[in-house]
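The structure appears below as structure tokens.
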């Protein structure tokens, strides 16, 4: 009798697991297709060489390059080591690795937010995927562009992976003395702290508040947690103390001039960008939080909700610290939005959807989200095909002229499209266009020719979608 009652549950569990894996595989393929079409562009041509300008023939070349980069340009040694490694591996491998990391990032977000360890909640997985697609301000520049992905997507993944044992300990508890974590976390912390400026400060805030919450619950802070945090702080020191950071500040020139008025101006700029990129995800977080309190009051004070609030607060810290930065490009929002998405997913998993109206609302939102995703995805693929074809044509022209002994290469055709926020393509500013443009110079060096001239007044061969 017991076997009969258990059998349907086992079959259901297996079917749920298979469906979950198939959906995950589909998401992987969708991401891979975009990576396949996205070209190497702009900074990719720079980091394809060592910092001194030589070719990369070994990992030792990358380490030597990053040594000079650290003293002459910036402290993101971990991120740029990843970038140069991907470019050294080649576009084929970088497409695969970028897709693996993006899918893994979604899995980490899912695992941190799911109710149970072995839960296979396809709806939660799809909502995370859709939130990443619609709310990341520069999806292409942070997940597909090699230089951007190394600086933002890979860095965010490393930080979240580092935080997994901390979150698991706070929610579920584990052994205080774990010899493996004692050995691994200091090194992992060093790497995570050395990735990205605003997210490292936000993560340090997260760790300090988490330690306070653990002590408030009259629990001990594990040795591995302290060692990991120590390693993280050391990584941050390496990140912020890089002499190259100050070289770049000197190039900016007017950074900090005007004192209070300067930072008042940067505060206004940060607020303006928050209204553009951070407001809607934050509003959705607040709506989900209200649903938790209304539908599941028992869970409203759970450790999961406290973690969600802490991730959300840490995202706000990551925004605030950008007041002290001379620049706040849209792609720098990647980690911030990811933290908010994780916090929102944690809340979503705690909402009680037994109410028929709430359940139907969820279904309608998911269906509309998938339909809108399908439309924007097809638009993006069609547009990326045009950029891909343009670079393929240029590659062919360059090779043909090089084979004829021509070193001063002339290229015809240009790519144009009107600005459309729904389409994921490289920014027009990243395309080489002028003979004296730095991108054109980098593209020339990357292709190994004496000069490249792009005739701007030629007939438009590839014209992008209009709004």
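What follows draws every value from the coordinates through simple rules; no lab data is involved. Note that the coordinates shown come from a computational prediction; the quantities given were computed from them, not determined experimentally. With ideal geometry, Cβ positions are generated from the backbone for all residues, glycine too; neighbour counts draw on all protein chains shown.
In plain terms, the residue of 29, 156 with the fewest other Cβ atoms within 10 Å comes first and the most crowded comes last, giving 29, 156. Dividing the helix sum by the residues of the chain, where each DSSP H run of 4 or more adds -39500 (n - 2.57), gives a mean residue ellipticity at 222 nm of -22500 deg cm²/dmol. Could you tell me how many degrees, from 0 to 90 and to the nearest 10, lie between the Cα long axis of helix 122-135 and the main elongation axis, the longest principal axis, of the Cα atoms of the chain? Relative to the chain, helix 122-135 is tipped by roughly 40 degrees. Using a simple spin-label model with pseudo-atoms 7 Å out from Cα toward Cβ, residue 283 and residue 237 lie 4.5 nm apart.
Between 0 and 90 degrees, the angle of helix 334-348 with respect to the longest Cα principal axis of the chain falls at about 20 degrees. Post the alpha-carbon centroid distance, region 286-328 to region 207-223, in whole angstrom. With region 286-328 and region 207-223 each reduced to a Cα centre, they are spaced 19 Å. Of all DSSP beta bridges located in the chain, what percent are antiparallel, nearest 5? Taking every DSSP beta bridge within the chain, about 10 percent pair in antiparallel fashion.
Annotation for region 88-114 versus region 372-406: alpha-carbon center distance of 24 Å. Per-peptide packing, taken as the mean over residues of other Cβ atoms within 10 Å, places 286-297, 159-170 in the sequence 159-170, 286-297 from highest down. Seen against the Cα atoms of the chain and their longest principal axis, helix 279-295 is set at about 10 degrees.
Of the listed values (1) 0.99; (2) 1.04; (3) 1.40, grab the one calculated as Rg/Rh (Cα atoms, Kirkwood Rh) from the structure here. For Rg/Rh (Cα atoms, Kirkwood Rh), the calculated option is (1). Highest-first packing order for the peptide set 83-94, 223-234, 60-71, 135-146 is 135-146, 223-234, 83-94, 60-71, based on the mean count of other beta carbon atoms within 10 Å. For the pair residue 355 and residue 249, label points projected 7 Å from Cα toward Cβ lie 5.1 nm apart.
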